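One structure is given here, and the rest of the page talks about it.
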Amino acid sequence: MKRYWKLISIVLIIVLVIGTFYIQSSMAASNYPEFVIETVSGNQEEVEQLSLLANYRNGMIYDNVTITENGAEYVSEGSFLEQLEGSYANAEIKRLQEDYRHFMRGKTGSPRLFFEDQSKVAYADLSMETLNNRYKPSDFSFDISVLDKDSDKNTSFELPLPERESYNFVSMEGVYIVGGEMKLITHNSKGRAGSVEIHVYSINIDTEEIVGDEVILKSEEINDNSFLEIRKENANGNLDSNRNVLFEYETFEEVKINEWESYLEPTEKDFIVYNLETNEREVLNLPEEIRDSANAVFVSDEKIYFAQEADGKPEILIYDFDTERIEAKQSFSIQSPVSELVFNIKNDKLYITSSYMNMRTKATILILDLKTGETLYEGFIKMENPRTEQMDYELYIRGTEIE
């Protein structure tokens, strides 16, 4: 009898916890504002596939929210499991989970851990063991899975990272399959000074072994008084299957003001393209004024799209890999610094969104045709039926997804 009472007690506790969870979630969600996309001009169908990923904050209240043409969906309004994850999954990851449930079981994370083409879906991540329950890494290894779509065969294996004892931190930056060979791009740090190396590991999927390890960038090439920052430009949250990978690296020199104060002065900035098919590295020959002021916002196999400011307005520069020069420039009528905008590109359309909004600042949405320069859609994010307690909110748009 005691056993049954214990079981009943456990069930009651579970029901109470879950019930309390949903009541609290419901009460919290009722205090959140409703955001909608308001159309100013253009075809409203252009925003049907657009999702804005944002962080909502009002005093001590904080939540992640996705805004679409249908309104706002807060994480706290989701199921118990969705809230445990902390935020909604990337749209590309959701699609993979729906299409390849068995393969995706137990796999989560950024799109940079996945690759997909017409014949394969691939996944790779790094696992790390610790020494004596401390956080100092003692072992790094690749966890790799490849699904053949035609045969539905799933190949999974683990490979130790070469010279793994040399690194104190390693992160995965990209997964690719080129000519039947897997290419893994990693960001490796080693030594007390935290010197940085960007590696491309080549893996033979059939023999399950690493057949190449190329260092394409490393901070040891600069002097000891400089600081190097390396960024890999990706496809804005979409699965990246490009053959060209773009890296932006910038060096800074420490300038001392006095004994206690100093600042970092930019000294050099360059863009490097690595071709995964030819294994060739190339420094882009960009005009100095573009190289120093432009930010890469999107990369495809044929072009790189840079954003810079011209007369206080954003301007898109299109660099062509074949001609190795800037092929076109397009400016747009939005009065906002490039640093305060979010960019995405898909199907020759440029999506521009303001990155911040409050009761005094409007968040603009523009969709433009990259071939013609035509504005296809203009709108803004609007709060529906605002209440007094919602007036001090802040909305940070951190990215966009296009289905």
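The table that follows gives values for the structure above.
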| read-out | value |
| --- | --- |
| Options N223, N258, N236; residue that is modelled with pLDDT of 65 or more, outside any strand (DSSP E or B) and of a type outside the set (F, W, Y) | N258 |
| Selected residue [of a type outside the set (A, V, I, L, M) and modelled with pLDDT of 85 or more] from F306, F321, F298, F332 | F306 |
| Top-ranked residue in the range 311-325 [being of a type outside the set (D, E, K, R) and exposed (fewer than 12 other Cβ atoms within 10 Å of the Cβ); ranked as nearest to V273 (Cα to Cα)] | T323 |
| Criterion violated by L286 - all others in (1) more than 30 Å from V211 (Cβ to Cβ); (2) among the hydrophobic types (A, V, I, L, M, F, W, C); (3) in a strand (DSSP E or B) satisfied | (3) |
| Cβ-Cβ under 6 Å pairs, at least 6 apart or on other chains, the range 108-121 side more than 16 Å from V178 (Cβ to Cβ) and touching a residue at least 24 places away in the same chain (Cβ under 8 Å), far side part of a loop (DSSP other than H, G, I, E, B) and of a type in the set (A, V, I, L, M, F, W, C) | P111/L239 |
| Failed condition for V36, given (1) assigned to a strand (DSSP E or B); (2) modelled with pLDDT of 90 or more; (3) under 29 Å from E116 (Cα atoms) | (3) |
| Total residues in the range 349-375, condition more than 21 Å from the chain's Cα centre (by Cα), in a strand (DSSP E or B), surrounded by fewer than 18 Cβ atoms within 10 Å (Cβ to Cβ) and not polar (S, T, N, Q) | 1 |
| Test: residue in the range 189-211 that is crowded, with 18+ Cβ neighbours inside 10 Å, among the aromatic types (F, W, Y), more than 30 Å from L50 (Cα to Cα) and modelled with pLDDT of 80 or more | yes |
| Check on A296, part of a strand (DSSP E or B), small (G, A, S) and in contact (Cβ under 8 Å) with a residue 40 or more places away in the chain | yes |
| Residue within the range 319-329 that is among the hydroxyl-bearing types (S, T, Y), part of a strand (DSSP E or B) and either in contact (Cβ under 8 Å) with a residue 60 or more places away in the chain or out of contact with any Cys (no Cβ under 8 Å at 6 or more places or on another chain) (or both) present | yes |
| Pick from the range 153-205, criterion assigned to a strand (DSSP E or B) and small (G, A, S), ranking: nearest to L246 (Cα to Cα) | G174 |
| Which listed residue is over 23 Å from K382 (Cα atoms), at pLDDT 85 or above and not small (G, A, S), from I365, I352, I316 | I316 |
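Listed here are the residues, each with its yes/no results for (1) in contact with a Pro (Cβ under 8 Å, 6 or more places away or on another chain); (2) modelled with pLDDT under 90; (3) surrounded by 15 or more Cβ atoms within 10 Å (Cβ to Cβ).
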| site | (1), (2), (3) |
| --- | --- |
| E45 | no, no, no |
| S51 | no, no, yes |
| T68 | no, no, yes |
| E73 | no, yes, yes |
| E77 | no, yes, yes |
| F80 | no, yes, no |
| A91 | no, yes, yes |
| F103 | no, no, yes |
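The values are calculated or read from the model by the stated rules, or taken from the named source; none is laboratory data. Because the structure is predicted, anything quoted here is derived from the model rather than measured. Positions of Cβ are generated from backbone atoms using ideal geometry, with glycine treated the same way; all protein chains shown enter the neighbour counts.
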